[in-house]
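Participant: Before we start, here is the structure in question, set down as structure tokens.
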Amino acid sequence: MKFTSGTFSAARRGFLGFGLCAVGAAALGITAAPALAASDTAQKIADHFSGISSMSGEFVQFGPRGEQTGGKFYMQRPGKIRFNYEAPAGYRVISDGKSVVIDNRKLNTMDLYPLSKTPLKLLLDDRIDLSGNRVRSVKEESDMTTIQLSDKKVFGNARITMMFDPKSYDLRQWTITDAQGKDTTVMVFNVKRGVKIDQKLFRIDYKRNEQLNGIGRD
């Protein structure tokens, strides 16, 4: 895999805004499905994806300037995910169902955020809720179905765009667009579903976070 000098800051921004390189629908030759049909398609895909309790595999992440990083990931519903980045990146991203942490072991820093305030929550919920106008768009083509979700009341202008195989309904990649309109894309491959995952992988060291960030000190 290729890594650039912007790897560390790009990945941090990507998971702060939580996103896929934006490609215009016209360039892909995609046309939006009618509202009712789009809703039915989105719900079928969402139900299938929600039915996968756990998965693991490899990922490649592209930052807003095309920076590339990669590694392995582990996901378990509800709310748990972990990204282990390959060298030279010195960090990992972990969600324990309550919080999301960007843990940079190389720089010895930790940034902690509520999972409920990030679009990543829409990906990790027990059930992907498509009610309440969360679906911004559904676009279909022969080799990809794209669903864009947002919740302005919770995430502001941030949104998540998920791309699925239209035949198998398997998740191929997602993009998180932050409030500034910057995109970070995560592509997944070599995915295994229904795997047993060591729960220690999803643990966040809150005590270390307090020590590093001076929480609780006078």
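The values are calculated or read from the model by the stated rules, or taken from the named source; none is laboratory data. Predicted model, so just to flag it, every value in this text is computed and none were measured. Cβ atoms come from the backbone with ideal geometry, glycine included; neighbour counts cover every protein chain shown.
Participant: Quick one: Val138 ticks every box in (1) crowded, with 20+ Cβ neighbours inside 10 Å; (2) more than 30 Å from Asp205 (Cβ to Cβ); (3) at pLDDT 90 or above; (4) not hydroxyl-bearing (Ser, Thr, Tyr) bar one, so which box is it?
Facilitator: (3)
Participant: Out of the residues in the stretch 167-218 that are part of a strand (DSSP E or B) and of a type in the set (A, V, I, L, M), which is farthest from Pro114 (Cα to Cα)?
Facilitator: Val191
Participant: Then there's this: Please go through (1) surrounded by 21 or more Cβ atoms within 10 Å (Cβ to Cβ); (2) at pLDDT 90 or above; (3) of a type outside the set (A, V, I, L, M, F, W, C) for Asp165 and return the number of the only condition it doesn't satisfy.
Facilitator: (1) is the only condition that Asp165 fails.
Participant: Please list, ordered by first then second residue, the pairs with beta carbon atoms under 6 Å, 6 or more apart or interchain, first in the stretch 81-109 and more than 20 Å from Val188 (Cβ to Cβ) and surrounded by fewer than 20 Cβ atoms within 10 Å (Cβ to Cβ), second among the aromatic types (Phe, Trp, Tyr) and modelled with pLDDT of 95 or more.
Facilitator: Asp96/Phe202
Participant: If you take the residues of the stretch 168-218 that are hydrophobic (A, V, I, L, M, F, W, C) and exposed (fewer than 13 other Cβ atoms within 10 Å of the Cβ), which of them is nearest to Lys72 (Cα to Cα)?
Facilitator: Phe189
Participant: Something else now. Which members of the stretch 45-84 meet the condition of being over 18 Å from Arg193 (Cα atoms) and of a type in the set (D, E, K, R)?
Facilitator: Scanning the stretch 45-84 gives Arg65, Glu67.
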